[in-house]
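Worksheet: one structure, shown below.
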Amino acid sequence: MKTTRRGFGTIALGAAVGAVSGTTVFSQKANAQTRAQHAAGEYDNGIIQLNQNESARGPGPNTMEAIRTHTTRRVGRGYSPDHVNELREGIANYYSLSTANVELATGSTPLLQGSVRAFCDAEKAFVTPMPTYSTSLSTAREIDARAIELSLDSGLGVDLDTLAANASGAGLLYLCNPNNPTGTVHGPQAVERFVRRVMRENPDTYVHIDEAYINYCRPGAIETAVPLAMEFEKVFITRSFSKAHGMAGLRVGYALGQEQTLEKIRNAWGMGDVNMLAAVAALTALEDKEHIAWEAQENAEIREEVIGFFRSRGYEVPDSNTNHIFVNLGMPAAKFREGCLEHKVLVGRDFPPLEQTHCRISLGSREEMKIALEVFSKALA
């Protein structure tokens, strides 16, 4: 499967985008696909969704075929689902680990929630840069754990020195690498220095490194921190099949770490049950290296086009290593979002403390982004 460098093509804006009258609030339910919409060939209520960092291309063809092949009457006898143990073994083999070093979950969300519940409380703080992915912070607030929020550096990157300096007495440090929403990344040497400093100065503090977007990174920008998790009991990694693997609707995520650490996370919060179709899809996707390389290349080309669009108009955009960008628009994200929604393009939510100036935009397909760039021009006018 190959891709070539090309523009977004010519698509008539009027044919694909209609006006939305009035102010509409789109809930999760409103964005969901219905049977009627599927039958009519209309998806997402006709909205181009650039707000949730999902892959516009979905699962690869091998994964889709695996789902079709395994959709049989056997699904009716799936209380002890097939393929889940195979998936755990497949992930372990992929990283040259034991199955005891792999914890499966229905998406990475339960793992984030469980880790905060396991390691944080009123005395042991949860420490996070902001803005970043906020599920862990929300969980800390739910359980009344002490939370420390740190500013990003001037380039919108995570300040690893400041994060490490706040480890004293903390229960858990959170590092999303690459970071959501900014798309910034720290390379392997910087991450290793950070981890070793925390483990040396505060060996009782846990470190969570979230690598949900690692497959979208620019070549050489990052390496997985799994070896550090295998060296240090208090370090663990989370990954997801929702992003580059295009399986957000199937809900499969996993953590990698030492057995006793994963057990604490599992015991603190329910991980859910990965179902048999999701398991066989994830195993197929994991093994399909050709497709994941194509997905990363396709996203990279679209990303450069969209970043170039904004930079050519004088807007600041950090180099992104994800399937989204974070643009300094000099206006509230809500205002830009409303302007785009008038033309049926939905961009990202607010990311405090930068919601008055910055907006996250997920990257759709080439066809979607052709339409979206025209809409962005209107919303910025």
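Each reported figure results from applying straightforward, stated rules to the coordinates on display, with no laboratory input. Treat the numbers as computed from the prediction; the structure is a model and nothing was measured. Note that each Cβ is placed from the backbone with ideal geometry, even for glycine, and that neighbours are counted across all protein chains shown.
Quickly work out the GLU233-to-ARG74 label distance, labels modelled 7 Å from Cα along the C-beta direction, and quote it in nm with one decimal.
4.0
For LEU329, what residues show an amide H to amide H distance below 5 Å, using hydrogens built from the backbone and excluding near sequence neighbours?
Result for LEU329 returns HIS358, CYS359.
Distance from the Cα centre of the range 173-193 to that of the range 303-381, in angstrom?
22
Rank these for me by crowding, VAL198, VAL317, going from fewest to most other beta carbons within 10 Å.
Least crowded to most crowded, the residues run VAL317, VAL198.
Skipping prolines and chain starts, which residues have an amide H placed within reach, meaning under 5 Å, of the one on ILE148, given they are 5 or more residues away or on another chain?
Counting only residues 5 or more places away or on other chains, the set is PHE126, VAL127, THR128.
Only Cα pairs within less than 10 Å get springs; with that Gaussian network setup on the chain, which residue of GLU103, GLU231, GLU89 has the largest fluctuation?
GLU231
Which FRET efficiency, nearest 0.05, do GLU86 and GLN189 yield, Cβ-Cβ r, R0 41 Å?
0.70
Between GLU338 and ALA100, how many nm apart are label points set 7 Å from Cα along the C-beta direction?
According to this spin-label approximation, the distance is 5.8 nm.
So what are the three principal axis dimensions of the chain from its Cα atoms, in whole Å, longest to shortest?
Principal-axis extents of the Cα atoms in the chain, largest first: 58, 54, 38 Å.
Output wanted: per-residue J couplings in Hz (rounded whole) for the range 105-113, from phi through Karplus 6.51 cos²θ - 1.76 cosθ + 1.60, θ = phi - 60°, x for Gly and Pro.
8, 7, x, 7, 4, x, 5, 5, 5
Given labels modelled 7 Å from the Cα in the Cβ direction, how far is it in nm from GLU123 to ARG218?
Between GLU123 and ARG218, the label points sit 4.5 nm apart.
Over the chain, with a Gaussian network built from C-alpha contacts below 10 Å, which listed residue (ASN215, ASN321, ASN93) shows the highest mean-square fluctuation?
Looking only at ASN215, ASN321, ASN93, the biggest GNM fluctuation is shown by ASN93.
Sort TYR95, TYR133 by Cβ crowding within 10 Å, fewest neighbours at the top.
Ranked by crowding around the Cβ, least crowded first: TYR95, TYR133.
Quick check on the chain: helices-only [θ] at 222 nm, where DSSP H runs of length 4 and up contribute -39,500 (n - 2.57) each and the sum goes over total residues. Nearest 500, please. Intermediate results must be reported in sequence, preceding the final value.
Details: 15 runs with 149 residues, N = 381.
Counting only the DSSP helices, I get -11500 deg cm²/dmol.
Give a residue-ordered list of calculated ³J(HN,Hα) values for the range 164-169 (Karplus: 6.51 cos²θ - 1.76 cosθ + 1.60, θ = phi - 60°; whole Hz; x for Gly, Pro).
Computed from phi, the couplings for the range 164-169 are 5, 5, 9, 7, 4, x Hz.
Looking only at the range 225-252, which residues have a backbone nitrogen under 20 Å from a spot 7 Å from the Cα of ARG196 in the C-beta direction?
Hits in the range 225-252 for ARG196 at 20 Å: 225-237.
Multiplying the sequence separation of ARG35 and SER377 by 0.36 nm and subtracting their Cα-Cα distance, what value in nm do you get?
119.8 nm
Just to check I understand the Karplus step: with θ = phi - 60° and J = 6.51 cos²θ - 1.76 cosθ + 1.60, what whole-Hz values come out for the range 360-377, glycine and proline as x?
Per-residue couplings from phi come out as 8, 10, 6, 9, x, 6, 4, 5, 5, 6, 4, 5, 4, 5, 5, 5, 4, 4 Hz.
At 0.36 nm per residue, and after removing the present C-alpha to C-alpha distance, how many nm does the segment from GLU65 to GLN260 gain when stretched out fully? Mind showing how you got there, number by number?
Numbers: separation 195, 0.36 × 195 = 70.20 nm, distance 3.69 nm.
Length gained between GLU65 and GLN260: 66.5 nm.
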